[in-house]
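Read through the structure below, which is laid out as structure tokens, and then see the notes.
The values are calculated or read from the model by the stated rules, or taken from the named source; none is laboratory data. The shown structure was predicted, so the numbers you read here are calculated from the model rather than taken from an experiment. For neighbour counting, all protein chains shown are included, and Cβ atoms are generated from backbone atoms with ideal geometry for every residue, glycine included. Quick note on the areas: whole protein, heavy atoms, side chains included, nothing else; ligands and nucleic acids left out. Shrake-Rupley method; radii C 1.70, N 1.55, O 1.52, S 1.80 Å.
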Amino acid sequence: MPNSYDYSEPKKLISDARLSSYKNSLALKTDAEILGAYSWNLTLVGAFFPLLQLIEVALRNSLNEIAKSTIAVEEGKFWFQSIKHTQETNDSGQLVNPEQVKKFKEKFKSAKNGAKKSIVDKGNNPDAVTLDQIVSQTDFSVWEYILDKSFYNGSDNSFIWPTQLPKAFKKLPRVNTKNPMFHQRDAIRRRIEEVRAFRNRISHNEPAWRVSDVSKPEEVIAYLIMKLDNMLELIYWISPKFRAYVHDVGIEDRIRQVLGMSEFNRYIHTFETYNIEGISDFVSLLEQTNSNNTRSYFQIEGRQGILSPCRTKLLQ
């Protein structure tokens, strides 16, 4: 895009207040760079969302399957109404549900109401609501709350944790402490909380990074690669085979491609264009493109083109 382009209208419509986050955290100067970084973030968000959706679906299905197959329920009830949990004493000496248990129950109540409304909207009987319909309406936070310590009791096998933890998560986190499953459960819960907070951030048209923590593009990329690695590790804890699937279908490679300085530079209009003078130059650029998982820009006799990487090696 030529430097003479008039950016006044895009700046006005997006707003200086929103664009200032990109200017300050990435040390950018020109309007072309700032608006380019804004567009780069939009591409990042679009690349991350499929991974976040897969994490939520995998968690939901894994935990729901374990719960419904192991928790004893009364006739006409669902497992989330019968799951055992500890209680705590309030200031009046009364036994009450801990805060995370309250949130868990409230979220499932809301999901059940949402499922019933959906059934009514289709002209059907809401009393026929199924567990699958309810679970499909649950908020991501439900699957964080269920891993709270209130649902853990190492001396009572009727509690879902720790007895079912190795079934819900095929590869548990490594810990070097006493009572390892208690801490493994908490490590998973904290990781889900981190992923959920990241998803909430990018859902509100904010930079994918915390502006106060960075001052240049390299720091932003390092921060987001750490977030990506943590998400992939959570998927690995759920299922190593599912982790391999995520790699195989290209979701991981796509995110890592966008999280490169070469792609960032493309958005702020400072990318390098390679001049191809023969087939050997083209083959060399192709090998570089695949090896680095980056898009490469070239020209042959004044005609411009783009090479996209092809990464076919499966995760071992």
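Does the range 56-98 come out rounded, prolate or oblate, given a ≥ b ≥ c as the square roots of the eigenvalues of its C-alpha gyration tensor, rounded meaning a/c under 1.5 and, failing that, prolate meaning a/b above b/c? In terms of gyration-tensor shape, oblate. Counting only residues at least eight positions apart within a chain, or on another chain, the lysines with an alpha carbon under 19 Å from that of Lys11 are Lys23, Lys29.
Return the ratio Rg/(2.2 N^0.38 Å) for the chain, where Rg is computed over Cα atoms only.
Values: Rg = 24.5 Å, N = 316, 2.2 N^0.38 = 19.6 Å.
The reported ratio for this selection is 1.25.
For the chain, the dipole from Cβ point charges (+1 on Lys and Arg, -1 on Asp and Glu) about the Cα centre works out to 920 debye, to the nearest 20. Across the range 157-258, the mean sequence separation of Cα contacts (distance under 8 Å, 6 or more residues apart), normalised by length, yields a relative contact order of 30 percent. Placing +1 on the Cβ of every Lys and Arg and -1 on the Cβ of every Asp and Glu, with nothing else charged, gives the range 110-221 a dipole about its Cα centre of roughly 320 debye.
Along the range 24-32 the Karplus relation, 6.51 cos²θ - 1.76 cosθ + 1.60 evaluated at θ = phi - 60°, assigns HN-Hα couplings of 6, 7, 10, 6, 9, 10, 8, 4, 4 Hz to successive residues, with x for each Gly and Pro.
Find which of Gln87, Gly76, Leu19 sits farthest along the positive direction of the dipole of the range 12-107, computed with +1 on the beta-carbon of Lys and Arg, -1 on that of Asp and Glu, about the Cα centre. About the Cα centre, the residue reaching furthest to the positive side is Leu19. A straight Cα-to-Cα reach below 30 Å connects Lys112 with the lysines Lys68, Lys77, Lys84, Lys102, Lys103, Lys122, Lys149, Lys167, Lys170, residues fewer than 8 places away in its own chain not being considered. Here's the picture: charge each Lys and Arg Cβ at +1 and each Asp and Glu Cβ at -1 in the chain, and of Ile306, Leu285, Tyr223 the one pushed furthest to the positive end of that dipole is Tyr223.
Remark on the range 12-134: Rg and Dmax equal 23.0, 66 Å (Cα only).
Counting Lys and Arg as +1 and Asp and Glu as -1, what is the net charge of the other residues whose Cβ lies under 13 Å from the Cβ of Glu194? Don't skip to the end; give the middle numbers.
Details: positive: Arg189, Arg190, Arg191, Arg196, Arg199, Arg201, Arg210, Lys227; negative: Glu144, Asp186, Glu193, Asp229, Glu233.
Computed value for this residue: +3.
Beyond 18 Å, what share of the Cα-Cα pairs of the range 61-219 is found? Please give it as a whole percent. Kindly include the intermediate steps, with their values, before the conclusion.
Numbers: 8476 of 12561 pairs.
Tail fraction, whole percent: 67.
Using a cutoff of 8 angstrom between alpha carbon atoms and counting only pairs six or more residues apart, the relative contact order for the chain works out to 20 percent. Nonpolar atom fraction for the range 124-251, defined as the carbon and sulfur part of the 1.4 Å probe accessible area, stands at 47 percent. Dipole magnitude for the range 213-276: about 160 debye, using +1 per Lys or Arg Cβ and -1 per Asp or Glu Cβ, origin at the Cα centre.
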